[in-house]
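The values are calculated or read from the model by the stated rules, or taken from the named source; none is laboratory data. None of the values given here were measured: they were computed from a predicted structure. Please note: Cβ atoms are built from the backbone with ideal geometry, for glycine as well, and neighbour counts cover all protein chains shown. Remember, those area values only see protein heavy atoms, side chains included, never the ligands or the DNA or RNA. Shrake-Rupley method; radii C 1.70, N 1.55, O 1.52, S 1.80 Å.
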Amino acid sequence: MATSRDVPTLTFIAKPYPFTFPIRTTALLVIDMQRDFICQGGFGEIQGGNLEAVQASIGPTKALLEACRAAGLSIFHTREGHVRDLSDCPSSKIIRQAAAPGNSQHLKVIGDKGELGRLLVRGEYGHNIVDELRPLPGEVVIDKPGKGAFWNTRIMHKLKARGITHLLVSGVTTECCFSTSIREANDRGFECCGIVQATAGYNSDFKAASLDMIHWSQGLFGFVGELQPLQDALHSYRQPHISLGPTTPPQTPPYWDGSLDITSLHAAYRNGLSPISVAEALYDRIEKYQRIDPGVWIYLRSKDAVLADAKKLAEKYPEKHALPSLYGIPFNVKDSIDVAGLHTTTACPPLAHIPPKSARAYDLVLEQGGLFMGKVNLDQLATGLSGCRSPYGIPHSVFNEKYISGGSSSGSCVSVGADLVTFSLATDTAGSGRVPSGYNGVVGYKPTRGLISIEGVTPACPSLDCVAIIAKNVEDARAVWQCCEAYDGNDRYARNSFPLERHVNSLGQLARSFKFGVPPPEVLEICSPVYRRMFNQAIQHLQIIGGTLVAVDWAPFQKAGDLLYQGTFVSERLASLPDDFFEKNRQDLHPVILKLFEDVIARQSTAVQAYRDLQAKSLLTRQASSQFAAAGTDGLSVIVVPTAPEHPLISSMLVDPIDLNAKLGTFTHFGNVLDLCAVAVPAGTYQASEIDSSGKGELPFSITFLGASCTDSEILGIAQRFFEAVGQGDRA
Ligand code: TIU
């Protein structure tokens, strides 16, 4: 069993009373340490700034930054500035000060040419952060048009995405952007502590007053503390260290116990392990596993090619404290995701092609140092939940060779479950990322559609497709999400705006409590007896970790699921293919896929039916989303379901390949139709003998957390706490 992780907190002396912060959910916010505010000839000088004071804050801010980096905190930098045509700059910000009667100070305004380039304009020399505090790869840089960090930026989304509840705040100027940002953060629920020596302003009286206002009246906006006690507290904390299990043979440093989770690998890399050693070790594992299950990989890169990439990574990042987020992290992609120069087969030979460009999500992973291992198997055309519909073989569950791996992301989930890679980029249209995760004891996270670009992914059902992340644990899934998420104007479904975001509960009981709903008993009846029992156990665990079970109107979820295959939406799967595709390629298609699509074509759905379904989808989405808590309304935090109703034998699936497959989607089909986010999480194991008298070893159970659109951080937070409490179980 995975043990429940401690949540370490640190405390240091502060005003109005000592500030306590959880290491894992605290970020350092460094405000606007730009040349424009700090160096001569910039925007700050025109403001009438005492530059000496702000320059003196560089040293302490650097010390703070280094202490926070060493403790593994998330780091956020902000920069104030505008796009080149100033279209994001309110006219008052340009005109007000210069319009003062008798103005002789603001002779230049935002956008004018100054000694450091155009004043407060993005891309100019003066706009950038001073060399001493330059952001490292993997740190977040927020470009903000206002004084506050939250106006017209994605900082709230990005802080929540990392699960942040507490902020240590530094930067310039104390009276302006530092104060405004703390006040904005406070309104959104973050616990903030400003660090005296690591902030400075243009007017020393203002600095003292600004800091006093923060902690006045027993903490009106937050806390103020000194650098030295904070540094002492941070130094007392040591980053998670790899423990060598009793069975691990003696090793010479650097130690690595073979774990592929990101925290373990990064700790080992920081201690000097080379990605070359990891790649070597993985090829041994992969070759062994090929003998257990030859159906996992469609294209495994040559060992030499991966070793060469690992060597390049090691050369590119010689500084162990400055590694990008996915440095040396081995991953693969489902073979419906493009990698330039390699075949994308979608497990469908007539569709195979060599793309000139890689999928956006793949590129972003590589930018953060990911180590690409190859492409893995899937159900043909990414259509299916069984893992039994591919010409490249039938992978089986990592727990038991007689049981299905699930699909369509079969190879992704088996390869992560078998510890061949840390994570896999997969897809999820109707449950393809969630169902196979459940059958292999891994985490399958399907973000809100439009957050990760779908560009370069072979469409299954474009208006419902979604990139999914398959990982060993929730923390890793979250970390990969951060790296892959970027607005992509080429993706017609990309999301560039968010619903009003909910505040963060950083303290007390509310920080731990949540409301969850489950399907009603008559819907759960579809589950096998052992799945019913395991699901009941999971409900009890959810209550133990702070969940309150509340009633749900299940009708919209049920009806949305039915829309997917019983309505016209399945026809969208035909829309990306030539009209005569199935007729022309009969002999090259998997017989189950051919039968499924011929049935769809034979329905001859009409445009009128499709419009009715689209209207129903909108209504059901409204009915479902209104049950969730939103900004300003109370309601459900999550819906929790068994990821699938049962775990079929491969032999059973081969006998009943269409109806049994459809049954497996009972609790996943509605997810994308209703624009929800979802994460499937291991929820313990049961004895195989419970469902088959000759069965040996254990089989995995899994539950899925589903949340309203763009509540990904909330559902991941709850899922992570459940996962750490219940764990993964052991494979036979
Ligand atoms: N004027 C002033 O003191 N500051 C700003 O305009 N921006 C920041 O504080 N970063």
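By how many nm would the segment from Asp656 to Asp85 lengthen if fully extended, with 0.36 nm per residue of separation less the alpha-carbon distance? Let's see the in-between values first.
Numbers: separation 571, 0.36 × 571 = 205.56 nm, distance 6.16 nm.
Net length gain for the segment: 199.4 nm.
For segment 568-656, with only Lys/Arg (+1) and Asp/Glu (-1) charged at the beta-carbon, what is the dipole magnitude about the Cα centre, in debye rounded to 20?
Working: 8 positive and 11 negative charges, 49 e Å.
With Lys and Arg at +1 and Asp and Glu at -1, about 240 debye.
Relative contact order for segment 394-445 using alpha-carbon pairs under 8 Å, separation at least 6, rounded to a whole percent? Show your work: numbers first, answer last.
Values: 79 pairs, mean separation 18.7, N = 52.
Relative contact order comes out at 36 percent.
Tell me the mean residue ellipticity at 222 nm calculated for the chain from its helices only (DSSP H runs of n ≥ 4, each -39500 (n - 2.57), averaged over every residue, nearest 500).
Numbers: 27 runs with 253 residues, N = 732.
Per the formula, -10000 deg cm²/dmol.
Using a/c under 1.5 as the rounded threshold, could you call segment 375-515 rounded, prolate or oblate? The axes a ≥ b ≥ c are square roots of the C-alpha gyration tensor eigenvalues, and prolate needs a/b larger than b/c, oblate otherwise. Provide the component values of the computation, followed by the final result.
Working: a/c = 2.30, a/b = 1.36, b/c = 1.69.
Taking the square roots of the gyration eigenvalues as a ≥ b ≥ c, segment 375-515 is oblate.
What angle, in degrees between 0 and 90 and rounded to the nearest 10, separates the Cα long axis of helix 529-544 from the longest principal axis of the Cα atoms of the chain?
Rounded to the nearest ten degrees, it is 10.
To one decimal place, what Kirkwood hydrodynamic radius in Å is obtained for the chain from all pairs of distinct Cα atoms?
Working: mean 1/r = 0.0369 Å⁻¹.
Across the chain, the inverse of the average 1/r is 27.1 Å.
How far apart, in nm, are two points set 7 Å out from the Cα along the Cα-to-Cβ line at Arg270 and at Gln509?
Label-label distance for Arg270 and Gln509, simple model: 3.7 nm.
Provide the FRET efficiency to the nearest 0.05 for the Arg285-Lys696 pair, computing r from the beta carbons and using R0 = 22 Å.
Values: r = 23 Å, r/R0 = 1.03.
Computed FRET efficiency for Arg285 and Lys696 comes out at 0.45.
On a 24 Å Cα-Cα criterion, which of the cross-link pairs Lys559/Lys663; Lys472/Lys617; Lys144/Lys316; Lys160/Lys316; Lys311/Lys375 come out too long? Let's see the in-between values first.
Numbers: Lys559/Lys663 15 Å; Lys472/Lys617 33 Å; Lys144/Lys316 30 Å; Lys160/Lys316 31 Å; Lys311/Lys375 21 Å.
As for pairs spanning more than 24 Å Cα to Cα, those are Lys472/Lys617; Lys144/Lys316; Lys160/Lys316.
Averaging sequence separations of C-alpha pairs under 8 Å and six or more residues apart, then dividing by the length of segment 469-608, give the relative contact order as a whole percent. Could you put the intermediate results ahead of the total?
Numbers: 53 pairs, mean separation 23.8, N = 140.
Dividing the mean separation by the residue count of segment 469-608 yields 17 percent.
How many Å² of accessible area per residue for segment 657-726, probe 1.4 Å? Walk me through the numbers before you get to the answer.
Details: 1710 Å² over 70 residues.
Heavy-atom SASA per residue in segment 657-726 reads 24 Å².
So for the pair Asp580, Glu522, with labels modelled 7 Å out along Cα→Cβ, what separation do we get in nm?
Reported label-point gap for Asp580 and Glu522 is 4.9 nm.
What does the accessible area of Met33 come to, in Å² to the nearest 10, when a probe of 1.4 Å is used?
The value for Met33 is about 0 Å².
Less than 9 Å Cβ to Cβ from Arg449, Lys/Arg counted +1 and Asp/Glu -1: what total charge do the surrounding residues give? Numbers along the way, then the final one.
Numbers: positive: Lys446, Arg495; negative: Asp465, Asp675.
Neighbour charge sum, excluding Arg449 itself: 0.
With a 1.4 Å probe and every protein chain left in place, work out the accessible area per residue of segment 262-471 in Å², rounded to a whole number. Could you put the intermediate results ahead of the total?
Numbers: 5620 Å² over 210 residues.
Accessible surface, normalised per residue, equals 27 Å².
Nearest 5 percent is fine: what portion of the DSSP beta bridges confined to segment 9-237 is antiparallel?
In segment 9-237, approximately 25 percent of DSSP beta bridges are antiparallel ones.
How far apart, in nanometres, would the label points at Ser277 and Thr11 be if each is projected 7 angstrom from Cα along the Cα-to-Cβ direction?
3.9 nm
In whole Å, what is the distance between the alpha-carbon centres of segment 92-108 and segment 144-215?
A separation of 26 Å, based on Cα centres.
Just the number, please: percent antiparallel of the DSSP beta bridges in the chain, rounded to the nearest 5. Please report the intermediate quantities before stating the final value.
Working: 43 of 84 bridges.
Of the beta bridges lying entirely in the chain, close to 50 percent run antiparallel.
Whole-Hz Karplus ³J(HN,Hα) for segment 479-495, in order, using 6.51 cos²θ - 1.76 cosθ + 1.60 and θ = phi - 60°, x for Gly and Pro?
Computed from phi, the couplings for segment 479-495 are 5, 5, 4, 4, 6, 8, 7, 7, 5, 10, x, 7, 8, 5, 9, 4, 9 Hz.
Whole-Hz Karplus ³J(HN,Hα) for segment 380-395, in order, using 6.51 cos²θ - 1.76 cosθ + 1.60 and θ = phi - 60°, x for Gly and Pro?
Along segment 380-395, the couplings run 3, 6, 6, 10, x, 10, 9, x, 10, 10, 10, x, 9, x, 10, x Hz.
For segment 262-471, compute Rg over Rh where Rg is the Cα radius of gyration and Rh is the Kirkwood radius from the inverse mean 1/r over Cα pairs.
Values: Rg = 16.0 Å, Rh = 16.8 Å.
Taking Rh as the inverse mean 1/r over Cα pairs, Rg/Rh reads 0.95.
Cα centroids of segment 608-626 and segment 525-593: how far apart, whole angstrom?
Cα centroid to Cα centroid, the span is 17 Å.
Dipole of segment 9-237 (Lys/Arg Cβ +1, Asp/Glu Cβ -1, origin at the Cα centre): which of Met33, Ser170, Val140 lies farthest to the positive side?
Val140
Can you give me the % of accessible surface on segment 54-93 that is carbon or sulfur? Probe 1.4 Å, all protein chains present, nothing else counted. Write down the numbers at each step before the final one.
On the way: 770 of 1440 Å².
Accessible surface attributable to carbon and sulfur in segment 54-93 totals 54 percent.
Please list the non-local residues whose amide H lies under 5 Å from the amide H of Asn128, H modeled 1.01 Å from N, same-chain partners needing a gap of 5 or more.
Amide H neighbours of Asn128, under 5 Å, 5+ apart: Arg35, Asp36.
Whole-Hz Karplus ³J(HN,Hα) for segment 202-214, in order, using 6.51 cos²θ - 1.76 cosθ + 1.60 and θ = phi - 60°, x for Gly and Pro?
8, 9, 5, 5, 5, 4, 4, 5, 4, 5, 4, 5, 4
What is the extension gain from Asp112 to Glu52, computed as 0.36 nm multiplied by their sequence separation minus the C-alpha to C-alpha distance, in nm to one decimal?
On the way: separation 60, 0.36 × 60 = 21.60 nm, distance 2.40 nm.
The span from Asp112 to Glu52 would gain 19.2 nm if fully extended.
Within segment 574-591, what residues put their amide N at less than 14 Å from the label point 7 Å along the Cα-to-Cβ vector of Asp599?
591
Gln540 to Ser689: FRET efficiency via 1/(1 + (r/R0)^6), r the Cβ-Cβ distance, R0 22 Å, to the nearest 0.05?
On the way: r = 23 Å, r/R0 = 1.06.
Rounded to the nearest 0.05, the efficiency is 0.40.
Just to confirm the number: angle between the C-alpha axis of helix 275-292 and the first principal axis of the chain, 0 to 90 degrees, nearest 10?
20 degrees
Counting only C-alpha contacts under 8 Å and six or more residues apart, can you give the relative contact order of the chain as a whole percent? Working shown, then result.
Working: 1568 pairs, mean separation 89.1, N = 732.
Relative contact order, the chain: 12 percent.
How far, in degrees from 0 to 90, does helix 58-71 lean away from the longest principal axis of the Cα atoms of the chain, to the nearest 10?
20 degrees
Full extension from Asp553 to Ser463: what is 0.36 nm times the residue separation minus their Cα-Cα distance, to one decimal in nm?
Numbers: separation 90, 0.36 × 90 = 32.40 nm, distance 2.54 nm.
Here the segment from Asp553 to Ser463 would lengthen by 29.9 nm.
Express in % the proportion of alpha carbon pairs of segment 553-624 at distances exceeding 18 Å. Provide the component values of the computation, followed by the final result.
Working: 1181 of 2556 pairs.
Taking all Cα-Cα pairs of segment 553-624, the fraction more than 18 Å apart is 46 percent.
How much accessible area does Met653 have with a 1.4 Å probe, in Å² rounded to the nearest 10?
Roll a 1.4 Å probe over it and Met653 shows about 0 Å².
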